[in-house]
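Take a look at the structure set out below.
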Amino acid sequence: MNATPDASGQKAGLPTVVLVHGAFADSSSWKGVIAHLKRRGYPVMAIANPLRGVQEDAAYVRSVLDTVDGPVVMAAHSYGGSVMTEAADGAANVKALVYVASISPDVGESVLDLTMKYPGSQLGTSIKMVPCRLPDGSTGMEQYIEQDKFPAVFAADVAPDVAEVMAVTQRPPTESAQTGSVTKVAWKTIPSWTLVSTRDLGIPPDLQRFMAQRAGSTTIEIDASHAVAVSQPGPVADFIDSAARATTG
(Lines give C-alpha, C1' and ligand atoms only; values in the text may rest on other atoms or scores of the structure.)
Protein backbone atom coordinates (compact mmCIF):
# COMPACT_ATOMS: atom_id res chain seq x y z
CA MET A 1 0.00 0.00 0.00
CA ASN A 2 1.24 3.47 -0.80
CA ALA A 3 1.43 6.10 1.89
CA THR A 4 -0.89 9.09 1.60
CA PRO A 5 1.11 12.33 1.61
CA ASP A 6 0.81 14.68 4.56
CA ALA A 7 -1.22 17.69 3.40
CA SER A 8 0.59 20.03 5.80
CA GLY A 9 3.62 20.14 3.51
CA GLN A 10 1.45 21.04 0.54
CA LYS A 11 -0.10 23.87 2.54
CA ALA A 12 3.43 25.16 3.17
CA GLY A 13 4.07 25.23 -0.57
CA LEU A 14 6.34 22.19 -0.69
CA PRO A 15 6.03 19.68 -3.54
CA THR A 16 5.12 16.07 -2.88
CA VAL A 17 8.15 13.79 -3.18
CA VAL A 18 7.22 10.54 -4.91
CA LEU A 19 9.76 7.74 -4.44
CA VAL A 20 10.06 4.71 -6.74
CA HIS A 21 12.14 1.76 -5.58
CA GLY A 22 14.00 -0.53 -7.92
CA ALA A 23 14.52 -4.26 -8.36
CA PHE A 24 15.53 -6.51 -5.45
CA ALA A 25 14.15 -3.93 -3.00
CA ASP A 26 10.89 -2.50 -1.71
CA SER A 27 9.64 0.86 -0.46
CA SER A 28 11.28 0.32 2.94
CA SER A 29 14.62 0.95 1.22
CA TRP A 30 13.65 4.64 1.31
CA LYS A 31 13.00 4.57 5.08
CA GLY A 32 15.91 6.81 6.09
CA VAL A 33 15.36 9.20 3.19
CA ILE A 34 11.68 9.50 4.07
CA ALA A 35 12.53 10.39 7.67
CA HIS A 36 14.86 13.19 6.54
CA LEU A 37 12.33 14.57 4.04
CA LYS A 38 9.45 14.46 6.52
CA ARG A 39 11.51 16.40 9.06
CA ARG A 40 11.84 19.14 6.42
CA GLY A 41 8.09 19.20 5.94
CA TYR A 42 7.82 17.42 2.59
CA PRO A 43 4.74 15.32 1.83
CA VAL A 44 6.13 11.94 0.73
CA MET A 45 4.75 8.93 -1.13
CA ALA A 46 6.73 5.72 -1.59
CA ILE A 47 5.13 3.77 -4.42
CA ALA A 48 5.11 -0.02 -4.34
CA ASN A 49 6.68 -0.68 -7.73
CA PRO A 50 5.18 -3.98 -9.00
CA LEU A 51 8.41 -5.11 -10.77
CA ARG A 52 6.42 -7.01 -13.41
CA GLY A 53 7.62 -5.15 -16.53
CA VAL A 54 8.51 -1.62 -17.59
CA GLN A 55 5.21 -0.82 -19.31
CA GLU A 56 3.04 -2.44 -16.64
CA ASP A 57 4.97 -0.83 -13.81
CA ALA A 58 4.96 2.59 -15.47
CA ALA A 59 1.20 2.44 -16.02
CA TYR A 60 0.69 1.72 -12.33
CA VAL A 61 3.07 4.46 -11.18
CA ARG A 62 1.39 6.94 -13.54
CA SER A 63 -2.02 6.05 -12.11
CA VAL A 64 -0.70 7.00 -8.67
CA LEU A 65 0.94 10.20 -9.94
CA ASP A 66 -2.35 11.31 -11.42
CA THR A 67 -3.94 11.31 -7.96
CA VAL A 68 -1.42 13.75 -6.46
CA ASP A 69 -2.51 17.37 -6.15
CA GLY A 70 0.10 20.05 -6.71
CA PRO A 71 3.71 19.83 -7.88
CA VAL A 72 5.68 16.59 -7.63
CA VAL A 73 9.37 15.80 -7.43
CA MET A 74 10.07 12.18 -8.34
CA ALA A 75 13.08 10.17 -7.21
CA ALA A 76 13.89 6.66 -8.36
CA HIS A 77 16.50 4.04 -7.56
CA SER A 78 18.00 1.46 -9.92
CA TYR A 79 15.40 -0.15 -12.24
CA GLY A 80 12.89 2.33 -10.81
CA GLY A 81 14.54 4.94 -13.02
CA SER A 82 13.27 3.15 -16.13
CA VAL A 83 9.77 3.12 -14.70
CA MET A 84 9.96 6.80 -13.72
CA THR A 85 11.32 7.76 -17.15
CA GLU A 86 8.28 6.20 -18.83
CA ALA A 87 5.65 7.10 -16.22
CA ALA A 88 6.48 10.81 -15.82
CA ASP A 89 6.41 11.68 -19.51
CA GLY A 90 3.62 14.17 -20.10
CA ALA A 91 2.75 14.46 -16.39
CA ALA A 92 2.23 18.19 -15.94
CA ASN A 93 2.61 18.04 -12.16
CA VAL A 94 6.10 16.47 -12.22
CA LYS A 95 8.69 19.23 -11.93
CA ALA A 96 11.92 17.28 -11.37
CA LEU A 97 13.33 13.78 -11.83
CA VAL A 98 16.00 12.55 -9.42
CA TYR A 99 17.93 9.45 -10.45
CA VAL A 100 19.59 7.77 -7.45
CA ALA A 101 22.12 5.10 -8.49
CA SER A 102 19.66 4.59 -11.27
CA ILE A 103 18.93 3.81 -14.88
CA SER A 104 17.82 6.72 -17.09
CA PRO A 105 17.15 5.10 -20.46
CA ASP A 106 16.38 6.54 -23.85
CA VAL A 107 13.70 5.18 -26.18
CA GLY A 108 14.27 1.51 -26.99
CA GLU A 109 16.78 0.91 -24.19
CA SER A 110 16.38 -1.63 -21.39
CA VAL A 111 18.19 -2.19 -18.11
CA LEU A 112 19.98 -5.15 -19.66
CA ASP A 113 21.03 -3.17 -22.73
CA LEU A 114 22.50 -0.38 -20.65
CA THR A 115 24.30 -2.44 -18.01
CA MET A 116 26.11 -4.30 -20.79
CA LYS A 117 27.56 -1.05 -22.19
CA TYR A 118 30.11 -0.67 -19.39
CA PRO A 119 32.03 -3.22 -17.30
CA GLY A 120 31.60 -3.46 -13.55
CA SER A 121 28.17 -4.88 -12.80
CA GLN A 122 28.25 -8.10 -10.78
CA LEU A 123 24.53 -8.73 -10.92
CA GLY A 124 24.78 -11.10 -13.87
CA THR A 125 26.85 -13.63 -11.92
CA SER A 126 24.80 -13.27 -8.74
CA ILE A 127 21.25 -13.87 -9.96
CA LYS A 128 19.20 -17.04 -9.86
CA MET A 129 16.05 -17.51 -11.94
CA VAL A 130 12.82 -18.95 -10.54
CA PRO A 131 9.67 -19.74 -12.58
CA CYS A 132 6.62 -17.65 -11.71
CA ARG A 133 3.01 -17.21 -12.80
CA LEU A 134 2.39 -13.86 -14.50
CA PRO A 135 -0.83 -11.82 -14.23
CA ASP A 136 -1.99 -12.94 -17.69
CA GLY A 137 -1.72 -16.59 -16.63
CA SER A 138 1.47 -17.34 -18.54
CA THR A 139 4.68 -18.60 -16.98
CA GLY A 140 7.63 -16.25 -16.64
CA MET A 141 10.85 -16.03 -14.68
CA GLU A 142 11.66 -14.03 -11.57
CA GLN A 143 15.16 -12.95 -10.64
CA TYR A 144 16.70 -13.08 -7.17
CA ILE A 145 20.18 -12.11 -6.04
CA GLU A 146 21.61 -15.10 -4.21
CA GLN A 147 21.36 -14.30 -0.52
CA ASP A 148 24.99 -14.99 0.29
CA LYS A 149 26.09 -12.62 -2.50
CA PHE A 150 23.55 -9.89 -1.85
CA PRO A 151 25.48 -7.87 0.77
CA ALA A 152 28.66 -7.57 -1.28
CA VAL A 153 26.95 -6.91 -4.62
CA PHE A 154 24.04 -4.73 -3.56
CA ALA A 155 24.78 -3.26 -0.13
CA ALA A 156 28.50 -3.41 0.66
CA ASP A 157 28.44 -0.29 2.86
CA VAL A 158 25.26 -1.19 4.75
CA ALA A 159 25.45 -2.63 8.27
CA PRO A 160 25.77 -6.45 7.93
CA ASP A 161 22.62 -7.20 9.93
CA VAL A 162 20.60 -4.77 7.80
CA ALA A 163 22.04 -6.12 4.54
CA GLU A 164 21.18 -9.65 5.64
CA VAL A 165 17.55 -8.68 6.17
CA MET A 166 17.51 -6.89 2.81
CA ALA A 167 18.75 -10.09 1.16
CA VAL A 168 15.99 -12.15 2.73
CA THR A 169 13.21 -9.66 2.00
CA GLN A 170 14.28 -8.66 -1.53
CA ARG A 171 11.47 -8.33 -4.06
CA PRO A 172 12.21 -10.08 -7.35
CA PRO A 173 11.66 -8.45 -10.73
CA THR A 174 10.51 -10.50 -13.65
CA GLU A 175 13.02 -11.14 -16.38
CA SER A 176 10.93 -8.92 -18.67
CA ALA A 177 11.38 -5.99 -16.28
CA GLN A 178 15.10 -6.16 -17.03
CA THR A 179 14.75 -6.73 -20.78
CA GLY A 180 11.77 -4.45 -21.51
CA SER A 181 12.50 -1.06 -23.06
CA VAL A 182 10.97 2.36 -22.57
CA THR A 183 8.83 4.06 -25.21
CA LYS A 184 8.70 7.51 -23.59
CA VAL A 185 11.48 9.60 -22.07
CA ALA A 186 10.52 12.12 -19.41
CA TRP A 187 14.04 13.49 -18.92
CA LYS A 188 13.90 15.09 -22.36
CA THR A 189 11.27 17.56 -21.14
CA ILE A 190 11.61 17.54 -17.32
CA PRO A 191 14.79 18.73 -15.54
CA SER A 192 16.80 15.88 -14.06
CA TRP A 193 19.28 15.32 -11.25
CA THR A 194 21.57 12.27 -11.02
CA LEU A 195 23.33 10.90 -7.95
CA VAL A 196 26.20 8.61 -8.97
CA SER A 197 27.23 5.95 -6.45
CA THR A 198 30.93 5.44 -7.09
CA ARG A 199 31.24 1.95 -5.56
CA ASP A 200 28.19 0.58 -7.33
CA LEU A 201 28.42 -3.08 -8.38
CA GLY A 202 24.90 -3.13 -9.76
CA ILE A 203 24.86 -0.21 -12.19
CA PRO A 204 28.45 0.72 -13.12
CA PRO A 205 29.40 4.28 -12.14
CA ASP A 206 30.65 5.03 -15.66
CA LEU A 207 27.23 4.07 -17.01
CA GLN A 208 25.56 6.38 -14.49
CA ARG A 209 27.86 9.20 -15.60
CA PHE A 210 27.13 8.53 -19.28
CA MET A 211 23.37 8.63 -18.76
CA ALA A 212 23.60 11.76 -16.60
CA GLN A 213 25.63 13.62 -19.21
CA ARG A 214 23.29 12.53 -21.98
CA ALA A 215 20.27 13.78 -20.03
CA GLY A 216 21.95 17.05 -19.07
CA SER A 217 21.46 16.19 -15.40
CA THR A 218 22.72 18.15 -12.45
CA THR A 219 25.07 15.53 -11.02
CA ILE A 220 26.81 14.67 -7.76
CA GLU A 221 28.92 11.66 -6.82
CA ILE A 222 28.83 9.83 -3.49
CA ASP A 223 31.26 7.17 -2.30
CA ALA A 224 28.65 4.48 -1.77
CA SER A 225 27.33 1.11 -2.86
CA HIS A 226 24.24 0.53 -4.98
CA ALA A 227 22.16 0.77 -1.79
CA VAL A 228 23.12 4.41 -1.25
CA ALA A 229 19.63 5.39 -0.09
CA VAL A 230 20.01 2.92 2.79
CA SER A 231 23.64 3.61 3.68
CA GLN A 232 23.58 7.40 3.22
CA PRO A 233 19.97 8.60 3.47
CA GLY A 234 20.93 12.12 4.59
CA PRO A 235 22.91 13.08 1.47
CA VAL A 236 20.24 11.45 -0.73
CA ALA A 237 17.53 13.52 0.97
CA ASP A 238 19.70 16.65 0.62
CA PHE A 239 19.98 16.02 -3.11
CA ILE A 240 16.22 15.54 -3.52
CA ASP A 241 15.67 18.71 -1.52
CA SER A 242 18.03 20.63 -3.81
CA ALA A 243 16.08 19.46 -6.88
CA ALA A 244 12.81 20.46 -5.23
CA ARG A 245 14.08 23.93 -4.34
CA ALA A 246 15.50 24.48 -7.82
CA THR A 247 12.30 23.62 -9.64
CA THR A 248 9.41 24.58 -7.36
CA GLY A 249 10.66 27.74 -5.68
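The values are calculated or read from the model by the stated rules, or taken from the named source; none is laboratory data. Everything numeric in this text was worked out from a predicted model, so none of it was measured. All Cβ positions, glycine included, derive from the backbone under ideal geometry; neighbour counts span all protein chains shown.
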Identify all residues within segment 128-151 that are more than 19 Å from the chain's Cα centre (by Cα) and not in a loop (DSSP other than H, G, I, E, B); write none if there are none.
-> K128, M129, V130, P131, C132, R133, T139, G140, M141
Residues within segment 167-183 that are within 20 Å of D157 (Cα to Cα) and not in a loop (DSSP other than H, G, I, E, B), tallied = 3
Quick one: P173 ticks every box in (1) without any contact (Cβ under 8 Å) to a residue 12 or more places away in the chain; (2) surrounded by 22 or more Cβ atoms within 10 Å (Cβ to Cβ) bar one, so which box is it?
-> (1)
So A244, is it farther than 16 Å from Y118 by Cβ, of a type in the set (G, A, S), touching a Pro at 6+ places or on another chain (Cβ under 7 Å) and assigned to a helix (DSSP H, G or I) = yes
If you go through segment 223-249, how many residues are more than 20 Å from S27 (Cα to Cα) and either crowded, with 24+ Cβ neighbours inside 10 Å or touching a strand residue (DSSP E or B) at 6+ places or on another chain (Cβ under 6 Å) (or both)?
-> 4
Out of (1) surrounded by 22 or more Cβ atoms within 10 Å (Cβ to Cβ); (2) free of Cβ contacts under 8 Å to residues at least 60 places away in the same chain; (3) at positive phi, the odd one out for V72 is which?
-> (3)
Kindly check whether there is at least one residue in segment 184-204 that is of a type in the set (G, A, S), in a loop (DSSP other than H, G, I, E, B), crowded, with 23+ Cβ neighbours inside 10 Å and at pLDDT 95 or above.
-> yes
Whichever residue in segment 102-160 is touching an Asp or Glu at 6+ places or on another chain (Cβ under 8 Å) and among the β-branched types (V, I, T) and, among such residues, is nearest to A76 (Cα to Cα) | I127
If a residue has to be surrounded by fewer than 19 Cβ atoms within 10 Å (Cβ to Cβ), of a type in the set (A, V, I, L, M, F, W, C) and under 11 Å from the mean Cα position of the chain (by Cα) to count, how many in segment 22-46 make the cut?
-> 0
